[in-house]
Amino acid sequence: MAAKTPLEKQKKQKRQAAAMQALDGAYNTMTGAGRRLSEAGFEMAPLLSMGQIEELFNGNDLAHTICSEIVKDATKEVFEKIERDDDTADGESELAKKIQKRLEELDAAELLTKGATFGRAFGGGGLVLVVGGSGAQNTPLDLKRVKSIDALEVWDRQDMTFKTWEKNGDVRTYEWTPAAKNGRAAPRAIEVHASRVIRFEGAVTTSRMAQHNGGWSLSVLQNLYEILVSIGLSWASIDSMFSDASQAVIWLRGLTDALASQEGEGEQDVQTKLEFTSASRAVHKMMTLDAGDKNGNGREDFKTVDRGVLGSVSDPMQQQYLRLGAASRYPLTKLLGQSPSGMDATGEMDMIFWFNGVDAYRKKEIAPAAELLLRLVAAEQGEKQPELWSICWPELSRPKPLDVRNAELMGVNSLVSAVTAKILTPIEAAKTLPNVAPTMGIVVDLGAREAKVAEQLETTLTAPPEDTGSAENVTERTQGSDVQAQAQNS
């Protein structure tokens with residue numbers, strides 16, 4: 001056999017090193033969990049199929065929460081307050097009430113939430129606007145020609161495909177296959193113009209990956225798949241550990257001698273006794289044992305011994321949840337419903353972080369879609385300029401009553417300081433007080449005070465002139481001037 005060249009030896013060494021590295025990886029050949037070290041690195045898991053995403057979304061509590069919870073908070077009270085930008089109508093006008101009632105009839109808020117949730121889960125989802133009076137479904141939507149809203153249909157990526165594109169690469173029309181309802185067969189595919197489709201995206205995706213994914217963004221569950229699987233396997237392992245959490249131990253008198261007997265009768269006796277003990281324990285939840293002699297000598301015993309296998313489970317599971325929270329941008333107080341623990345732990349910073357994220361998502365994804373629905377309904381109700389209508393978005397979090405009261409108290413103290421420093425008059429401060437502390441219930445009757453000052457002023461001005469030389473007249477004239485100045489300040 002010819003001797004190997006140095007190059008061949010070097011290649012062989014590299015192959016052996018790669019093989020050893022692969023065998024040393026944290027890879028379970030039975031479950032498929034983990035990766036070989038030769039595969040470790042910045043490699044993404046295979047793209048999730050629509051079937052896998054469907055199973056995760058419907059069957060995994062954490063996956064469902066990650067897809068839906070941020071959408072629920074972003075769409076909370078979405079159509080509760082609306083207004084017209086030119087101030088000719090507000091939320092209390094008759095037209096505004098008609099628009100809100102129609103939005104409730106269409107269940108617009110719920111359908112908007114569902115469409116946005118499907119967008120996050122499947123990488124594409126939303127609503128199809130089935131509108132009458134504005135041309136065919138494959139033509140651009142003109143709000144000013146809308147006569148009726150026939151339906152708002154929720155879709156996900158499995159129901160929609162791209163059909164035609166604009167010259168700049170934007171989608172012009174989709175081919176939409178409505179999902180089957182109430183056991184009926186799925187209707188035929190319909191070509192729908194992009195202006196009649198509200199589309200929500202999933203995770204941020206590069207253009208090359210989107211092209212590889214059929215033009216769609218990735219599901220928000222794509223990057224979380226491995227950690228979700230890991231958490232699931234951990235819980236399954238914990239369930240199996242419960243069978244080994246404790247061990248039943250029976251002390252039997254003469255066990256060794258019985259097993260060592262030559263005839264085998266002792267072994268048969270032990271087996272019979274154990275069968276009787278097990279049956280008694282299973283049926284009657286009790287155990288019959290020999291009590292020994294009158295002094296308790298030779299007494300049999302039974303105990304359950306804790307093996308301590310669950311003592312160290314909590315810390316690794318907590319670290320897995322922390323990793324999931326970091327990857328999904330969910331604080332554990334929201335992801336798990338877990339209350340903060342530790343001294344002075346309120347979770348306030350967690351919720352500030354959370355609501356900042358919800359606010360950004362609401363502005364980017366929810367607001368444009370919600371205002372399109374609002375203007376569509378306004379056009380249906382006869383509004384000639386539906387583009388003037390907008391949503392007054394509610395606060396994402398409400399302050400605690402104690403925090404509100406403390407803030408108002410600080411405002412009242414500021415007014416007192418301003419009056420003391422003669423920056424404001426008492427009357428000016430009293431006029432400002434209802435705006436500074438609306439919930440304190442402090443009522444100042446400015447009308448009664450102004451009427452009293454006016455009466456004093458009128459009495460002073462209509463009084464007959466008197467001799468100005470005496471000291472008493474000078475004092476009265478000075479008091480009248482003070483009353484007049486007080487009236488002018490009010």
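The values are calculated or read from the model by the stated rules, or taken from the named source; none is laboratory data. Not measured: the values here are computed from a predicted model. Glycine gets a Cβ as well: all are built from the backbone with ideal geometry, and neighbour counts include every protein chain shown.
List, please: which pairs have Cβ atoms under 7 Å, are six or more places apart or on different chains, and start with a residue in segment 225-244 that is closer than 25 Å to Ala203 by Cα and end with one that is charged (D, E, K, R)?
Ile227/Arg323
Pick from Ala429, Ala379: which is assigned by TED's automatic domain parsing to the domain that holds Ala109, surrounded by 12 or more Cβ atoms within 10 Å (Cβ to Cβ) and part of a helix (DSSP H, G or I)? I'd like the intermediate steps shown before the answer.
Values: Ala429 fails: assigned by TED's automatic domain parsing to the domain that holds Ala109.
Answer to the check: Ala379.
Search segment 230-267 for residues being of a type in the set (D, E, K, R), exposed (fewer than 11 other Cβ atoms within 10 Å of the Cβ) and part of a helix (DSSP H, G or I), and hand back the single one that is modelled with the highest pLDDT. Break it down stepwise before answering.
First, pick out the residues of segment 230-267 that are of a type in the set (D, E, K, R): 239, 244, 253, 257, 263, 265, 267.
If we keep only those that are exposed (fewer than 11 other Cβ atoms within 10 Å of the Cβ) as well, we get 239, 244, 257, 263, 265.
Then keep just the ones that are part of a helix (DSSP H, G or I); that gives 239, 244, 257, 265.
On the way: Asp239: 77, Asp244: 69, Asp257: 70, Glu265: 67.
Looking at residues that are of a type in the set (D, E, K, R), exposed (fewer than 11 other Cβ atoms within 10 Å of the Cβ) and part of a helix (DSSP H, G or I), I get Asp239.
Please find, within segment 382-412, the residue that is nearest to Asn435 (Cα to Cα) out of those that are charged (D, E, K, R) and assigned to a helix (DSSP H, G or I). First the steps, then the outcome.
Taking segment 382-412 as the starting set, the residues that turn out to be charged (D, E, K, R) are 383-384, 387, 395, 398, 400, 403, 405, 408.
Subsequent filtering for residues that are assigned to a helix (DSSP H, G or I) retains 387, 403, 405, 408.
Details: Glu387: 33, Asp403: 17, Arg405: 13, Glu408: 9 Å.
Looking at residues that are charged (D, E, K, R) and assigned to a helix (DSSP H, G or I), I get Glu408.
Mind listing whichever residues of segment 38-56 are at pLDDT below 65 and either within 28 Å of the chain's Cα centre (by Cα) or not small (Gly, Ala, Ser) (or both)?
Just the residues of segment 38-56 that are at pLDDT below 65, to begin with: 38-42.
Result: Glu39, Phe42.
Can you name every residue in segment 397-427 that is touching a residue at least 24 places away in the same chain (Cβ under 8 Å) and over 15 Å from Met440 (Cα atoms)?
Ser397, Thr425, Ile427
With (1) touching a strand residue (DSSP E or B) at 6+ places or on another chain (Cβ under 7 Å); (2) under 14 Å from Leu373 (Cα atoms) as the list, and Gly119 as the residue in question, which single condition is left unmet?
Tallying (1) touching a strand residue (DSSP E or B) at 6+ places or on another chain (Cβ under 7 Å); (2) under 14 Å from Leu373 (Cα atoms), Gly119 fails exactly one: (2).
Hey, among Gly337, Gly357, which residue is within 30 Å of Leu129 (Cβ to Cβ) and within 18 Å of the chain's Cα centre (by Cα)? Working first, answer last.
Details: Gly337 fails: within 30 Å of Leu129 (Cβ to Cβ).
One residue alone meets the criteria, Gly357.
Look at Gly441 and say whether it is assigned by TED's automatic domain parsing to the domain that holds Val154, farther than 18 Å from Asp73 by Cβ and assigned to a loop (DSSP other than H, G, I, E, B).
Taking the combined requirement at face value, the residue does not satisfy it.
Can Met286 be described as at pLDDT 70 or above and not acidic (Asp, Glu)?
Numbers: at pLDDT 70 or above: yes; not acidic (Asp, Glu): yes.
Yes.
Within segment 375-396, how many residues turn out to be under 18 Å from Val71 (Cβ atoms) and in contact (Cβ under 8 Å) with a residue 12 or more places away in the chain? Walk me through it before giving the result.
Initially, segment 375-396 is screened for residues under 18 Å from Val71 (Cβ atoms), giving 391, 393-396.
Cutting the leftovers down to in contact (Cβ under 8 Å) with a residue 12 or more places away in the chain gives us 391, 393-394, 396.
The qualifying residues number 4.
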